[in-house]
Amino acid sequence: MWWNSSTSQIAIWEMSAGTPVVEQTIATVPTGWQIAGTGNSYGPGATDILWFNSSTNQVAMWEMSGATPVAETTIAVVPSG
């Protein structure tokens, strides 16, 4: 997964033996959001994306199906300080 901080585009590369075979832009995120982590949070085999917005202190999760976000949920607001 790649994040372009200039354009806020998120892209995923599907790899085969160390070589990209599919390169797909999946979204453009609003200013302020950054990828905080990835992992399998919802279902077997899916790598979901955890987001953090440093302006609002919101934490959000994208549930993924392959390269497609199927659910986007704000899961918390981190207290300042």
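Values quoted throughout were computed directly from the atomic coordinates according to the rules given, and no laboratory measurement underlies them. Please read all numbers here as calculations on a predicted model, not as lab measurements. Neighbour counts run over all protein chains shown; Cβ positions are idealised from the backbone, glycine included.
Enumerate the amide H contacts of Val70 below 5 Å, restricted to partners 5 or more residues apart or on another chain; note that Pro and chain-start residues carry no placed amide H.
Glu63, Met64, Ser65
How long is the gain from Ser54 to Ala36 if the chain were fully straight, where each residue apart is worth 0.36 nm and the alpha carbon distance is subtracted?
Using 0.36 nm per residue and subtracting the Cα-Cα distance, I get 5.4 nm.
In Å, the Kirkwood hydrodynamic radius of the chain over pairs of distinct alpha carbons?
13.5
Hey, rough spin-label estimate for Ala46 and Thr68, points 7 angstrom out along Cα→Cβ, what's it come to in nanometres?
Computed distance between label sites Ala46 and Thr68 equals 1.1 nm.
Determine Rg/Rh for the range 1-40; Rg is computed over alpha-carbon atoms and Rh is the Kirkwood hydrodynamic estimate from the same atoms.
1.02
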